[in-house]
1. Need the failing condition index for SER336 against (1) assigned by TED's automatic domain parsing to the domain that holds GLY279; (2) modelled with pLDDT under 95; (3) of a type in the set (Ser, Thr, Tyr), just the number.
2. Give the stretch 306-329 a look and list any residue that's in a loop (DSSP other than H, G, I, E, B) and either touching a strand residue (DSSP E or B) at 6+ places or on another chain (Cβ under 8 Å) or β-branched (Val, Ile, Thr) (or both), or say none.
3. For the condition surrounded by fewer than 21 Cβ atoms within 10 Å (Cβ to Cβ) and not assigned by TED's automatic domain parsing to the domain that holds THR145, what is the one hit in TYR217, TYR244?
4. Of the residues that sit in the stretch 33-70 and are modelled with pLDDT under 95 and among the small types (Gly, Ala, Ser), which one is farthest from ARG221 (Cα to Cα)?
5. Kindly establish whether THR382 is of a type in the set (Ser, Thr, Tyr), in contact with a Phe, Trp or Tyr (Cβ under 6 Å, 6 or more places away or on another chain) and at pLDDT 95 or above.
6. What's the total number of residues in the stretch 271-301 that are in contact (Cβ under 8 Å) with a residue 24 or more places away in the chain, in a loop (DSSP other than H, G, I, E, B) and among the hydrophobic types (A, V, I, L, M, F, W, C)?
7. Quick check on this structure: which one of ALA275, ALA226, ALA259 is at pLDDT 95 or above, aliphatic (A, V, I, L, M) and closer than 18 Å to LEU299 by Cα?
8. Restricting the stretch 173-197 to residues that are under 19 Å from the mean Cα position of the chain (by Cα) and more than 25 Å from ALA123 (Cβ to Cβ), which is surrounded by the most Cβ atoms within 10 Å (Cβ to Cβ)?
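The values are calculated or read from the model by the stated rules, or taken from the named source; none is laboratory data. The structure presented is a predicted model; accordingly, all values stated were derived computationally and were not measured. As a convention, Cβ positions derive from the backbone with ideal geometry for all residues, glycine included, and neighbour counts pool all protein chains shown.
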Amino acid sequence: MSHAKRSIDRRAVVKTAAATAAFPWIMTRSGLAGASTQANATIGIGVIGLGIRGRRLMGHAMDRDDVRIVGVCDVAGPRLMRGMRDAEAKDGDTCAAYLDFMDLLERDDLDAVIIATPDHQHAFEAVHAANAGKHIYCEKPLTLTVPEGRAICDAVARNNVAFQTGSQQRTEYGHKFVKAVEAVRNARIGTLERIDVGIGDPPIPCDLPEEETPAGYDWDRWLGQAPPRPFNHELCPVGVHGHYPQWRRYREYCNGPFADFGAHHYDIAQWGMGADDTGPVRIIVPDFAADGTMPKRGLILEYENGVQVVHGGRNGITFHGTEGTLWVDRGGIEASDEAILKDPRGLGDIEILRPYNHMGNWINCIRSGLTPVANAEVGHRTASMNELAIIGYEAGESLQWDPAAERFVGANAATGNSRLARAVRDGWQVPRT
């Protein structure tokens, strides 16, 4: 069945009547000739999620002459139309528009996808995309749960696709974070003992009031795996918005401000330890406050080598060693001794490659077959740090973790393991094969 015919048929049965009434063009644009990922071919990319991040990432992709946006997907009609028009204005070619990302994945000319939907959608979309043989750039935090992250890693390996997590601190911001990691891993501050990560709070349950779903919005599809609840514009903004929506605060859709920026800063902490393929062995919770509540700061992730990653301190990442300290954030980099930063590496030391930019690194890896700097395992292990910390805060108990088996062990294992996965609505389960 052609894309055009499929779109007409699906439009007739879309349950969100308001969407089809207000935006009859949804999922109707024409198919395009096939493309390949050969060195001299244009890479056909689809964008799933056209909020502020999705539009920016699409813009970065369109800056390249060897990329073409062949399709876009969003559950909000105005954003879908905007994305389609932006792509067509840039390329001068037809761009398809879809409510259902599964229809986008069926395109013969689609080589890769950018996933910029809310966090609770990532795993479902990424695994299906990998199983369809599409290369993937997925925004961070990568997942809500440890099992979701492992499912992505397995699917990426099984299908041999290039996967980039949107942890752009590894490639951009003047390579300040690269310089910091080189200095730490080359022992410029001595033996690493502690890392302070200054970020926001754990998530809270969503308690937003009910609002009427606007025409042209498929709210059920926005919810995806999450529990049913009424529409609210704080979660899914009305129109083409230029801000970051508040779904990041809530447990149902994200692991809170803690994970939102923690996915960046914990990533650098783990990179600085050289621990991209492992994780902590202990989750140590802070003492309860006098009123019996759990503090929002102070949880420790402890690694097998004794290094402790502490939630708290100055905004950014502070590495503490036996011979000095080093702080880094997007706005700057400082050390206890200026000599630490004058020579972060020497002859025979670890030197980290400095890709030009994050999107470019991914596209170049699609062509070369090399592994992107923030591959699936990197994104999964960083997201796992966030997820384990949230479990510790919510359980209120210190726990032991086996990073190889990705299971809790020891006396309180049942408490932790019962929180590893979440209930998922029927039809939204992440494929395991």
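1. (2)
2. From the stretch 306-329, those in a loop (DSSP other than H, G, I, E, B) are 306-307, 322-323; that's our starting set.
Answer for the stretch 306-329, where residues must be in a loop (DSSP other than H, G, I, E, B) and either touching a strand residue (DSSP E or B) at 6+ places or on another chain (Cβ under 8 Å) or β-branched (Val, Ile, Thr) (or both): GLY306, VAL307, THR322.
3. Criteria check complete, one pass: TYR244.
4. So the residue we want is ALA39.
5. yes
6. 6
7. Checking each option against the conditions leaves just ALA259.
8. Ranking the candidates gives PHE177 first.
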